[in-house]
Structure formats: structure tokens, C-alpha cells
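Nothing in this text is a laboratory measurement; each read-out follows from the coordinates by a stated rule. Computed from a predicted model, the values in this text were never measured in an experiment. A quick note on method: Cβ atoms are made from the backbone with ideal geometry, for glycine too, and the neighbour counts reach across all protein chains shown.
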Amino acid sequence: MYAVEAINVSKNFSNIRAVEGVSFALKQGEHLILLGPNGAGKSTLLRLVSGLIKPTAGSVKVFGNEASNVEETSSVLSFVSENYALYDNLTVRENLLFFGTLYGLEKSDVLEASNEMLGRLDAREYLDRKVGELSRGTKQKIAICRALISKPRILLLDEPTAFLDPYAAEEVRRLIKESKASILYATQRLDELNRLEGKIMLMNKGRSIGYGTLEEILSMVKDVEIEVTLLNDKKIRLSYWKARQEGKRIVATLKSAREIPKLVKNIVANGGEVVSVSYLKESLGSRMRGT
Amino acid sequence: MNWKKIWAIAKKDMKEAFSSISISGPMVGIPLFFAILLPLFTFYISKYAGTTILPQIAGISVNYAVGSLYFVEFFTINILGPIFMTMPIITASVLAADSFAGEKERKTAEALLLTPTRNSELLLGKILASLVPAILLTIAVFIIYASITNYYSTSSYGIAIFPNMSWYMMLLNSPFLALTTIGLVVLVSTKVKGVKEAQQISTLLILPLLVIPFISIFGLAKLTFMFFLEMLLVLCLISAVVLYLSVRFFDRERFITS
């Protein structure tokens, strides 16, 4: 039995088709990354799996039950939405205890799990602060903690690291991996793909336009803008590339993500000492833009 | 039914409401204002304005009307009574609108609706969060109002006006007025976008109550024990129907997407 199974699922809001004919299946412990720009239908697909909204056509099943039967499926599922969904007038502790109670957890278990997770996310000091006083990044950490305390078998994550610093983002990825849950992870950032495990579904305008491994998806990625940081500001010859050097930084626009290793080799061959390579901007070319 | 979950929802909602001054301020302030102002107003009219008003509305002689205990009784039951009965509606509408439409407005509804909580538990928790403070506030305001009124009536006429049967009946009506209001908010919560809309719709329930003083003044009905008993029975029926419909037609998807 699949943890999550979507069969030709579509969702309309009035005249807007938010999701159209999407299918996938996720076994227990597997991860699926939903990649696409704003308005691609990623969040709607997550909400369909959560059961919060019902499909206009097709079906979504969670461990064999219709996802829309929330009273049955909600005990195995946690959702971190893009707006955190925490109560601003309550403290972090009160928020976590409230949700813990609704998941049938004991107070001591909630506090123990929260202490451990918030400690790892460097947010334990905020336990007695009102959520409304916290930064977006800290709220995101609390929302992730809330989602994980019930030890869900399915985790639905909508841009869970959007406002986190790199250290916290890495810790979040470690936490969700340790949860051993089946994960649906929505993101619009290509650089996240390198840091996550699992298959990738490329989405645009509500449709699945590609499905595969990281390598397969990267071959679809066009017009990648990357930044290469060098150890020193030695001038590098980059005539073949669409690139410019500003001191220790080289900003290059590549036709495909697959060209990144070639560019790095070229820089090294020209005497450059590469410290890091990071994505600045990327698009999925014509596929992503739907042209 | 898991009462632990129900109380957790109720406690959370009450805590949220009372920690926000924009909600707790008017909710406590307005009834208290009326509780203190209305009895003072009654005695002002009884002593100074009764000569012109009461003979017209109650059909009694000026001599009998001026400064009479009868006037105070008539005014506290027939005029102020129905106004007093708007308190549970105002309080319940503020709390219920925040509890239901507020979750939607603050975008916290998704996380709550995804917890393993049955619709009945969710709604009961939220209904209690609005009902309990509404009743307690109504009783508190009644006690303050009655105490001030009794202070003046005993010092002026040597007799305490409260408690009396009509007022007991008005108090008995209060929970059902609050329940009807809450049920209406639940019903409209899937249609409205925010707290203000929900409050505006639910406070429409005040209008029929404001008609009651005129019914009395024009002699169409006497606000006796029987009148309030009949009102209680009708309200029981209405609140039961509204609550049944609100629970029956509560739809999680429509609640978050409307």
C-alpha cells in the first residue's frame, strides 16, 4: 500500500484550474520534491494530499483512505504551510502544547520533543515568548517543530526553509530526514535539490511537466545563473563563457546546470582556486515558463 | 467525544481572545458601561424626567408616576430588560466571530483543521469558548446592574427591586440568545472572509430584541413571566435548529477556501 497515491487528480477554483491531471505514488519513507515557480500548483497539491481540499476530479489516497476523510487521515499526517499557522497571541510553549493535546500526546512528551528539536534549531530560548513577537525564520522553526512532535508518517512541507539561515535550513533537512516519514516537499529553489533526497516532480501551471532523478531534472534546467567564489581575485580568462568577474566573484549564466562542472574545470585550468559555487537565479527554461 | 481536546480548543480560544485588547476591551467594557450607566439613567428618569414621559407611555397619573417605585420597575423590566438582553448577543458575537472567522483571517485554520479532531469536537470546543464567557459576563453585568439599582431603590423607596421573576427569566434566556448567535456565526463562517463580516451579520440578532421595548410601550404585549417563558421556549427551538444546521453543514474545505 502506498503512503500517498494521487491518481489523475485535478482541482479547480471557480474558473481557475490549479492542478490538472497529476499522478504519483509515494511509498512509506520515500521523498518527492515538487519543484516549480509560483502558481505552479505545488501548494494546492499539498493541500489536496492533506485532505483540506477535495479534488475536482481524480483521487488522492493516504494509506488507502481517501485523503479528504481528514478525521481518519490526519493522525498520520503533518503539514507545514507557507504561513506557519501558529497562534500569535500564545507563547511557543502554549502553541506546541495545544497542538500536542489535539494529537493525543502527553504534556511531558510534547515538552521533551520540543526541547530537543528547538535546541537543535537554536530556538529553545523562545519557548516562553509570544509567537507574534518572533521573526519569520523563528516562526518557521516552531512550525516545523509542531509538525514533527506528533511523529507523522507523512510530512507535507511547503517551502519549509524559505526564511532560514543555511545552518538552520540544514538542521531542518536533517530533522525531517530523521523522521523517516514519507515527504512531499514543495520548493521553487533549484539549489535545494542538491540538498534533498528523492524523486523530483517538475510542475508548471498546475501540471506535472517532468518527473525523475536530480540528474534528469537538471538536464531540463535552462539559463542558470551561478556565482563562483574564488580564493583570490586573480583574473581568469572566461572568453568561452557568458560570465563576468568582480574581484573574487565570478557570475556566470549557463545554458544548463550540467555545464557547472565544465565551468569549474575551466576556472581551475586557468589557475583559479574555487572556494564555493552557488545558485543565484535559475529557471527551468521553456518547460518552466510553459512556452 | 474527546473532552480533553474540546477543552484544549475552548481554553486556547479564550486565552487568545482575552489576550487581545481589541477583543476583550469592548467585550467587557461595553456591558460594564451599560451595567453602571443604565441604573443611574433609570433613577434620573424616575426622579426628574418621569413627569413627562411615564404618563404617556404607561397611562398612569403624573402624581403616581413621579418618583414612584412602579416607574423604576416598569423601566428596568420593559425598557432596560430587552436592552440588557443584547449583552449575551454582543459578547457571543465578538467571541464567536474571532473564534471562527478569526482563525480564517489569521490563517491558522489549516493547522487546526488538520489535527485529528472530529468536527463535533472542534465545533463544541469553539462554541464553549464563546458561550462560557458570554454567560459569565452576562451574570457579572447583571449582578453589578442589580446591585446599583437595589442601592438606589432601597435608599429612595426602602425596597429592593431585584431579584424578581421577570429578571430571572431574562437571565435564563441569555444562554439561548448566546447559543443562537454562535450558531449563526458558525453558519456564516464558511461564507465570510473575516471577523468584521461575521460580527456584522451576527449582531443583526440584536434587532428583534430592540423591538421588544416598543411592543411593551405600545401595549402590544406585557413583559411578564409568561412572556419570557414563551420567549425562552422559542429561543430553545431556534438555537437548537441553528446549532444543528451549523454543525450539519460545517465543511472544512469551504471554511478555509471561501
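Per DSSP H run of at least 4 residues, take -39500 (n - 2.57); add these up for chain B, divide by its residues and hand me the 222 nm value, nearest 500 deg cm²/dmol.
Dividing the helical sum by the residues of chain B leaves -25500 deg cm²/dmol.
The aspartates and glutamates within cross-link reach of residue B:191, meaning a Cα-to-Cα straight distance under 13 Å and a gap of 8 or more places when in the same chain, are B:105, B:251, B:253. For chain B, the square roots of the Cα gyration tensor eigenvalues, ordered a ≥ b ≥ c, give a/c of at least 1.5 with a/b greater than b/c, which places it in the prolate category. Quick check: pseudo-label points 7 Å beyond the Cα along Cα→Cβ at residue A:269 and residue B:11, how many nm apart are they? It works out to 6.9 nm between the two label points. The convex hull of the Cα atoms of the stretch A:148-291, projected and averaged over all directions, covers 10.0 nm².
As a proxy for reagent exposure, B:212, A:209 were ordered by neighbouring Cβ count within 10 angstrom, fewest first; the result is A:209, B:212. Specify whether the C-alpha gyration tensor of chain A places it in the rounded, prolate or oblate class, a ≥ b ≥ c being the square roots of the eigenvalues: rounded for a/c under 1.5, otherwise prolate if a/b is larger than b/c and oblate if not. Oblate, since a/c reaches 1.5 and b/c is not below a/b.
Within a straight-line Cα-Cα reach of under 18 Å, residue A:151 can be paired with the following lysines, leaving aside sequence neighbours fewer than 8 residues apart in one chain: A:27, A:107, A:141, A:177, A:180. Comparing A:75, A:43, A:108 along the charge dipole axis of chain A, the residue lying farthest to the positive side is A:43, per the Cβ-charge model. Taking one quarter of the surface of the convex hull spanned by the alpha-carbon atoms of the stretch A:222-284 gives a direction-averaged projected area of 3.6 nm². Net charge dipole, the stretch A:222-284: roughly 220 debye, given to the nearest 20, about the Cα centre with Cβ charges of +1 for Lys and Arg and -1 for Asp and Glu. Potential lengthening of the chain between residue B:220 and residue B:245 amounts to 5.8 nm, from the contour at 0.36 nm per residue minus the alpha-carbon distance. Placing a label point 7 Å from the Cα of residue B:118 along the Cα-to-Cβ direction, the residues of the stretch B:1-19 whose backbone N falls under 11 Å from that point are B:1-3. Under conditions of 25 °C and 0.890 mPa s, the protein assembly as shown yields 90 µm² s⁻¹ as its translational diffusion coefficient, taking Rh as the Kirkwood radius over Cα pairs in the Stokes-Einstein equation. Find, to one decimal place in angstroms, the Kirkwood hydrodynamic radius of the stretch B:159-207, where the mean of 1/r is taken over every pair of different Cα atoms and then inverted. It is 12.5 Å. Checking every one of the trypsin sites (Lys or Arg not before Pro) in the stretch B:84-126 against DSSP loop status and a limit of 16 other Cβ atoms within 10 Å picks out B:107, B:118. Assuming charge only on the beta carbon of Lys and Arg (+1) and of Asp and Glu (-1), the dipole of the protein assembly as shown about its Cα centre is about 1440 debye to the nearest 20. In the stretch A:146-227, inverting the average of 1/r over every pair of distinct C-alpha atoms gives 14.1 Å as the Kirkwood radius. Under 24 Å of direct C-alpha separation, and excluding same-chain neighbours fewer than eight residues apart, residue A:262 reaches these lysines: A:222, A:234, A:235, A:242, A:248, A:281.
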